[in-house]
1. Using a Gaussian network for the chain with springs between C-alpha atoms less than 10 Å apart, which of these wobbles most: Asn88, Asn311, Asn113?
2. Under a 10 Å cutoff between Cα atoms, tell me which one of Leu118, Leu193, Leu29 has the largest fluctuation in the Gaussian network model of the chain.
3. Which is farthest toward the positive dipole end of the stretch 1-47 among Met1, Val25, Trp14, measuring Cα position about the Cα centre, with Cβ charges +1 (Lys, Arg) and -1 (Asp, Glu)?
4. Over the C-alpha atoms of the stretch 95-190, what are the Rg and the largest Cα-to-Cα span, Dmax, in Å?
5. Just the Kirkwood number for the chain, please: inverse of mean 1/r across all distinct Cα pairs, in Å, one decimal.
6. Note down the net charge around Ala90, summing +1 for each Lys or Arg and -1 for each Asp or Glu among other residues with Cβ under 11 Å from its Cβ.
7. What spacing in nm lies between the two simple spin-label points modelled at Asp178 and Lys126, each 7 Å away from Cα in the Cβ direction?
8. Taking just the C-alpha trace of the stretch 157-247, give me its Rg and Dmax in Å.
Amino acid sequence: MKKVVVTDPDVWPWLQDMDDRLRLVFIPLDDTEELNRELADAWAYVGVFLDEQHARSVGPNFELAQICAAGTEHIASRFLPAGVTVANAAGHGKSIAEHVLMVTLAVRRQLLNVDRGLRAGQWANKIVNPAAAPAFTTLEGSVVGIVGFGHTGRAIARLCRAVGMRVIAVNRTPASGDPDADWVKAMDALPELLEQADTLVLACPLTDSTKGLIGTTELRTLGPAGVLVNVARGPVVDEVALYEALKDHNIAGAAIDVWYRPVSTQASAPSELPFAELDNIVMTPHYSATATDTYRERGQDVRISLFEALNGLPVSRRVTTTTGGGGRA
């Protein structure tokens, strides 16, 4: 019987009644000593975080690090033994797509400012106070440019198309005749996308090539009527450039769900810069993916990966296979 150590409490309920050749053990992530002990003879790990100490605790039977998220940057893969399959999970596309549509409308219609005004007694509409009423248009016919056209990007595209938006995208692997977009080009077509887009949505992984991808030049190209929505990772956008662009109204607004301080720090503010003082940004605490549905679908991805690995099949959601350098001393 192969042991699977699970630390993700949201996915855990969806992993019951697995194959009787597996023994699943749930360990809270903060129980460091117990987690280290359980990993010593584990065959697989299921969770979001696996730091260097825990990665070095795995034993010779360890074969699969199954991440309960799309990104694997919280997994210390280089400290795992060679030959370990690292896989990710999805299920979050619909939740993030709804979030993108929600915050795009909120920024363009200045929803939070209007809400605060009415709470203070200001009727900022065209009838009572037309001077204070925000100007906005409907989304139909506008262009959304999506950076990263995988599971999440496609879910965003389909929902945007449903409300009449045109979709263009750039991706590491371009596709001609894609049914979900007017065009999908290589990443070097980003300037072209920025010239055409009314709304820029970032849905790409954080890599060496995407860190700082959007900076001062890109934000100026997006322009004073453009809106930025970031559901990728904070560092894909240059933090200072974003703050200055919002402060100086070089873009119309932004909706940011991913930030510059690690989630694990539980910092009181998501950035050292005073984004909270700006009135043209919608700020959310990395919650766009966390619909209840997400964990059910993510649990299904995990179950499939475990089944594939257990039966010697290629793991369909494999991200990489480790090359060594870690494991127990």
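The values are calculated or read from the model by the stated rules, or taken from the named source; none is laboratory data. Owing to the predicted nature of the structure, the values given are computational and were not obtained by experimental measurement. Counting neighbours? That spans all protein chains shown, and the Cβs are built from the backbone with ideal geometry, glycine included. Note: areas computed on protein heavy atoms with side chains; ligands, DNA, RNA excluded. Shrake-Rupley method; radii C 1.70, N 1.55, O 1.52, S 1.80 Å.
1. Maximum fluctuation in the GNM of the chain, among the listed residues, is at Asn311.
2. Maximum among the listed residues: Leu118.
3. Most positive-ward Cα: Met1.
4. Radius of gyration, then largest Cα-Cα span, for the stretch 95-190: 17.0, 52 Å.
5. Radius from the Kirkwood sum: 21.4 Å.
6. Cβ neighbours under 11 Å give a net charge of +2.
7. Label at Asp178, label at Lys126, 3.6 nm between them.
8. When restricted to the Cα atoms of the stretch 157-247, Rg and Dmax are 13.0, 39 Å.
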